[in-house]
Amino acid sequence: MRRNILVVGAGKIGQVVADLLAGSDAYAVTLADRDAAALDALAGPLPAQGRVEHLALDVADDDALQRALD
């Protein structure tokens, strides 16, 4: 059973965490950031590229956060 994981923050650490989780095939990973440009400009090809979904999300928006977690 794959578990859904939401990683908040598309910085270097968030990218690596999302990549490691997606590489295990035990998780369906979504990497979220409030800056859509940050998601578009992820640094370099990661091994799990294409297996991590990207989501523009402002976690200060309670409704948007709840929809992302549902």
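Bear in mind that the values in this text are calculations on the coordinates, not laboratory data. In this text, all values refer to a predicted model and were calculated from it rather than measured experimentally.
Before moving on, here are some points about what is shown:
- Global form of the chain, assessed from the alpha-carbon gyration tensor, a/c cut-off 1.5: oblate
- Close amide H contacts of GLY9 (hydrogens built in the peptide plane, cut-off under 5 Å, sequence separation of 5 or more or a different chain): ALA32, ASP33.
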